[in-house]
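Read the figures in this text as sums done on the coordinates, not as results from a lab. Owing to the predicted nature of the structure, the values given are computational and were not obtained by experimental measurement. Cβ: placed from backbone, ideal geometry, glycine included. Neighbour counts: every protein chain shown.
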Amino acid sequence: MADRRIVMHFPPTMIDEPIISGLVKTYDLGFNILRASITPQQEGVMVLVLEGTEDALDAALRDAQEKGVRIEPLEMEIVRDEDKCTECGACVNICPTEALAIDLQTRHVTFDPDKCIACELCVPVCPPRAMQIAL
Amino acid sequence: MPKTYADINAKIQAGKAVVVTAEEMIGIVEEDGAAKAAERVDVVTTGTFAPMCSSGAMLNTGHTTPRMRFTKVWLNEVPAYAGLAAVDFYIGATELPENDPRNRNHPGLFSYGGAHVIEDLIAGRDVRMVAEAYPTDCYPRQDLETLINIGDLNQAYLLNPRNAYQNYGVAVNLNEDRDIYTYMGVVQADLGSASFCSAGQLSPMLNDPYYRTIGIGTRLYLGGGVGYVYFQGTQHNPTEARAENGVPMGGAGTIGVVGDMNQMRSDLVVGVSMYGYGVSLALGLGIPIPILDEDMARYTAVKDEDIVAPVLDYSREYPYREGGPLGHVSYAQLKSGHIEVRGRKVPTTPLSSYVRAQAIAEELKEWIQAGEFLLSQPAELLPSADSGQGFKSLNERPFNNGGVV
């Protein structure tokens, strides 16, 4: 079994089609949606992890692309510039996955990259702009 | 027996002063009582590190050849105020480049402003300076474009009209649909978060609630160097309501401070961007409090449970000055990660770095223990609760007769 972290872009004409559930059934895939933003009349964007055999993943992504979905690998990650971070905590509530958290005993602000889904919400919210997008 | 500043300084110089942080003082007074603690402890150090918008830098470049009286100055495109003598100018922390889009594409990013210029100078980075002037017989030159560096300036000092706010409101958002973008950070819709900004039990002015030892000339820790209180801060409001322990229940005392930027560190004087709001300066500040008597021991043992702050709705109540606080919460509650507002559990967002505040109180303690930092007796204390000095609002008086007075 393998997994792929990808970003899927759905054109406005496709956003009401059940693409993901179709792929999951046809190719016997597991999936975990990290972030989805789909608004009527606009492009839909979904960040997700697909799990399955290499062959099934290749076939599923080819299938989706043929249907008109644009697919990019998720290569972006969020890094914390430790020299810039002042450990204030302004980022903590905006983080949907608790990758950013305050240790209530020590008051240190911690960042766990393994929990980060690169949603970028912390980037503009950080006052000294210590949270940065790395490509 | 009450102690004097001279007694305490003599002990500091002899390397015999007992110096503890405001956190450590809590346990000492709990264990030994205030009377014994006052005999044993000479100085309690405090600290805070948070955005303090009312800050800025006074700079003097030295004269150009030929001479020039700056009328307009920009530093890295950020305007400075030059309505002073020839080559003096002041750059405010919140100033933005003229071409910054502000909130035209809301929420604006505010990536660079006066506070970042100040941080760049302190970090020793070159800054692009542009100046304009009208010519006079004594100051003929009209244009200047040059790099400047803090090392080349005659004076570079922070001159901050309002710092170290004694307590502050907690910001929440009652708007059910919309996050709001404030100087208290992003406050999430429908009581989604509560921002607070004080070091609580470590905060300088919360440890001397009636300013018995803080006044004009108080030597303090500023941005990693030595600074001084030069006057009461703007909006200093000693008559704010107080709890039984004397601690104000909302924003009260403030101090105006000054300090040489050449001594400062760029990790303690940091330009910050408040999303959708603007630029501010996050600053580290610490005040040493002399334990002159038992009362000062008791005051400096104040703890987070005993300090309360008002919860204010920043979607409506604060900006439009409608209604009052939604209640009061303690810093112990704020630091637990959640507070309760209108029966709902609201996660808290700190803007003040407690770990930096601890580091500042600790560093100041080490300076005093090493005999490198003496306490100064204020030339005059700040107006206190008995002064009758309040906090006025602007009484707007429209022009009559088309402005002819």
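The mean count of C-beta atoms from other chains within 10 Å of the C-beta of residues in A:80-87, rounded to a whole number, is 3.
Against the main long axis of the alpha-carbon atoms of chain A, helix A:54-66 sits at an angle near 80°. Positive end of the dipole of the protein assembly as shown (Cβ unit charges, origin at the Cα centre): among B:GLN369, A:CYS116, B:PHE70, the Cα lying farthest that way belongs to B:PHE70. Dipole magnitude for the protein assembly as shown: computed about the Cα centre from +1 point charges on Lys and Arg Cβ and -1 point charges on Asp and Glu Cβ, it is near 1340 debye.
To the nearest 20 debye, what charge dipole does chain B have about its Cα centre, counting +1 at the Cβ of each Lys and Arg and -1 at the Cβ of each Asp and Glu?
On the way: 31 positive and 47 negative charges, 103 e Å.
Approximately 500 debye in magnitude.
Compactness ratio for chain B: Cα radius of gyration over 2.2 N^0.38 Å (N = residue count) comes to 1.05.
Applying a DSSP loop filter and a limit of 10 other Cβ atoms within 10 Å to the chymotrypsin sites (Phe, Trp or Tyr not before Pro) in region B:343-405 leaves B:PHE399. In summary, the lysines within cross-link reach of A:LYS67, defined as a Cα separation below 21 angstrom excluding same-chain residues under 8 places away, comprise A:LYS25. The Rg/Rh ratio for region B:7-152 is 1.23, where Rg is the radius of gyration of the alpha carbons and Rh is the Kirkwood radius.
Peptides B:121-127, B:346-352: what's the order by average Cβ count within 10 Å, highest mean first?
Details: B:121-127: 18.1, B:346-352: 23.1.
In descending order of packing, they fall as B:346-352, B:121-127.
Scattering from region A:41-122 was approximated by placing one identical point on each alpha carbon and applying the Debye formula without solvent; log10 I(q)/I(0) at 0.19 1/Å stands at -0.89. Per residue, the convex hull around the alpha carbon atoms of region A:2-73 comes to 70 Å³.
Proximity of backbone amide H atoms, modeled 1.01 Å from N, is registered between B:MET52 and B:LEU281, B:ALA282, B:LEU283 at under 5 Å, excluding neighbours fewer than 5 places apart on the same chain.
Can you pull a Stokes-Einstein diffusion coefficient for the protein assembly as shown at 4 °C (1.567 mPa s), Rh from Kirkwood over Cα pairs, as a whole number of µm²/s? Don't skip to the answer; put the middle values down first.
Working: Rh = 25.9 Å.
Approximately 50 µm²/s, per Stokes-Einstein.
Report the antiparallel proportion of the DSSP beta bridges in chain B as a percent, rounded to a multiple of 5.
Values: 66 of 75 bridges.
Once the DSSP bridges in chain B are tallied, antiparallel ones form about 90 percent.
For region B:1-51, would you read off the P(r) tail past 14 Å as a percentage of all alpha carbon pairs? It would help to have the intermediate numbers written out before the result.
Working: 712 of 1275 pairs.
When all Cα pairs of region B:1-51 are counted, 56 percent exceed 14 Å.
Taking Cβ separations below 4.7 Å as the criterion for a possible disulfide partner, the isolated cysteines in the protein assembly as shown are A:CYS85, A:CYS88, A:CYS95, A:CYS116, A:CYS119, A:CYS126, B:CYS53, B:CYS138, B:CYS197. Cross-link reach is defined here as a Cα-Cα straight distance under 24 Å, omitting same-chain residues fewer than 8 places apart; for B:LYS36 the lysines meeting it are B:LYS3, B:LYS11, B:LYS16, B:LYS303, B:LYS365. Note on A:121-134: average number of Cβ atoms from other chains within 10 Å of each residue's Cβ is 4. Placing unit charges on the Cβ atoms of the charged side chains and taking the dipole of the protein assembly as shown about its Cα centre, the candidate lying farthest along the positive direction among A:VAL24, B:LEU59, A:VAL47 is B:LEU59.
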